[in-house]
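*Asks:* This is the structure I want to talk about, given as structure tokens.
Please treat every number below as a calculation from the coordinates, not as lab data. Since the structure is predicted, the reported quantities are computational estimates derived from the model, not experimental observations. Positions of Cβ are generated from backbone atoms using ideal geometry, with glycine treated the same way; all protein chains shown enter the neighbour counts.
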Amino acid sequence: MNMAKLVSVVKNQNIDHVFAQRQMPLVLEEKATMVLQFPDNCVNCGLGNNKKSDVERFVAKYLSLNVNERLAATTTDQSEIAEQLACLVPCVGCRKSVERMLEHLALSGNKTLDPMQITKTKGKRCQITLKKNYKEDPKLLFALFYVHGNKLRDFVTMIPRSKKNKRCQLHSLDTQKNKSTSNWVDLWALLSPECRDEVLKIEYEKLKEAMGVYLEKHRFCTECKNKVLHAHGLLKGDDGKSKDKSYCPAMYDGIKFSKKTMHLHIRNNVEFIASLIARAEPDLMGSRRERHAKTLDIAQEEVLTCLGSYLYARLNRLLQKIRLEEQTWQQLFYIGICCLRQNFEVVLEQKQGISQLELLCSEFELEEKNKEHKKELKRQKKKKSKQSKKNQDLALEFKVTQPVFECLWDTIHVIQMG
């Protein structure tokens, strides 16, 4: 399944951006929002490997419904979604993420779950229905329910989870502990050129705050701290570049400062980015040793290390956000399909006059009757066996006592004759 990608940047935060199908906003930072594009896998997915007879049977069932029944069969609400969510998603973090996305889509009206549409009812409850062409085309409906739905089911059931607390990897604390300095490369392939430039644009003041944390973490002395802060100030063109002979302008090649926006622009080059992150690798791996910067060029190296650490954290955070939103989107999509498919089957059962539950109950009743009949046959057999044994005992007793009675009778007869 294709991954979600960041395709553009929201230019004006004050104007409502119009998102296309399968798109939603992804906030990088307070003033940086990008457009996340989800893959459109259910379009032209066909009927899969399903038998022609299965499709024809589904179409016949669909055609048996009237307009109102079809509307009820292709609509679900928040309570049904919550019920399915509790059954299908064991991770607490995932459930909260799905609820958050559902609420956001209901309020924003974005077509992120196309062809499903989410609206708010008068009772302020979320309602999911389908686009008109899906309601009117049974083959599209079949493909959505039994082809695309099955693909999403396979994805949702294969999400790795902890055996201890059932949390997925993205909502587990272990994910934050395990850091790999190469995973930013996975993100780079998911970004458009515009989004790459946006990610490499860093607020000067934010970097300055990160620099303060970095200096405290590595216990720089006051003299070295001032030297590093001075080297940081040189990024934006502070005076004093030519006064210190140890200053090396070439070290800041690839980093430009914009006085208009107060941003640092890092060169959009994979090798340059990799070199910055490589500098920060010991720091990212948890090193907290005491450091010094007695000369300006060493202080510049510390600035670049801090910049690499800050940039990696930003890229890693963005990658985690993309993965989380994509996983949440797929879970919500799957749960929506499950609810709609279940409603469709319920309407069909009501139309046919007998539900699957009733059929199941009938099967259970028949099975119980068969069991009871077998028990009765066993009782009758046991009873006949007992009666037969009793008759045999009586016959044996009669056979044993008969000669005695005959002898006694002969004796009585002799006495009477005498």
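*Asks:* Distance in nm between label sites at residue 169 and residue 186, each 7 Å beyond Cα in the beta-carbon direction?
*Replies:* Once both label points are built, they end up 0.6 nm from each other.
*Asks:* For residue 77, project a label point 7 Å along Cα to C-beta. Then give me every residue of the range 94-131 with its amide nitrogen under 14 Å of that point.
*Replies:* 119-129
*Asks:* Could you sort the peptides 3-11, 300-308 by per-residue average Cβ neighbour count (10 Å cutoff), highest mean leading?
*Replies:* 300-308, 3-11
*Asks:* In whole Hz, what ³J(HN,Hα) sequence does the range 209-218 give by Karplus (6.51, -1.76, 1.60; θ = phi - 60°), x for Gly and Pro?
*Replies:* 5, 5, 5, x, 5, 4, 5, 5, 4, 9
*Asks:* Run the reach check for residue 245 against lysines, Cα to Cα strictly under 22 Å, same-chain hits fewer than 8 apart removed. What comes back?
*Replies:* 225, 227, 236, 256, 294
*Asks:* A further question on this structure: Could you compute the FRET efficiency for residue 386 and residue 132, with r as their C-beta to C-beta distance and R0 at 51 Å, rounded to 0.05?
*Replies:* For R0 = 51 Å, the calculated efficiency reads 0.10.
*Asks:* Identify all lysines with a Cα-Cα distance to residue 139 below 29 Å; exclude those on the same chain that are fewer than 8 residues away in sequence.
*Replies:* 51, 52, 61, 111, 120, 131, 151, 351
*Asks:* Could you work out how much longer the chain between residue 197 and residue 27 gets when fully extended? Use 0.36 nm per residue separation minus the Cα distance between them, nm to one decimal.
*Replies:* Length difference between fully extended and current span is 59.7 nm.
*Asks:* Report the label-to-label distance for residue 18 and residue 107 in nanometres (one decimal), using points 7 Å from each Cα along the Cα→Cβ vector.
*Replies:* 2.3 nm
*Asks:* So between residue 272 and residue 205, what do we pick up on full extension, going 0.36 nm a residue minus the alpha carbon distance?
*Replies:* Contour length minus the Cα-Cα distance gives 21.9 nm.
*Asks:* For each pair in 132/321; 135/321; 5/206; 96/164; 96/321, compute the distance between the two Cα atoms and list the pairs where it is over 24 Å.
*Replies:* 132/321; 135/321; 5/206
*Asks:* By per-residue mean of other Cβ atoms within 10 Å, what is the highest-first order of 246-252, 147-153?
*Replies:* The densest-packed peptide leads the list: 147-153, 246-252.
*Asks:* Now, a different point. What does the charge count near residue 67 come to, summing +1 for each Lys or Arg and -1 for each Asp or Glu among other residues with Cβ under 14 Å from its Cβ?
*Replies:* +2
*Asks:* Explain nothing, just compute: Karplus ³J(HN,Hα) = 6.51 cos²θ - 1.76 cosθ + 1.60, θ = phi - 60°, for every residue of the range 230-236 in order, whole Hz, x for Gly and Pro.
*Replies:* 5, 5, 5, x, 5, 4, 9
*Asks:* How big is the range 48-203 on each of its three principal axes, counting only the C-alpha atoms and giving the largest first in Å?
*Replies:* The principal-axis extents, from largest down, are 59, 35, 34 Å.
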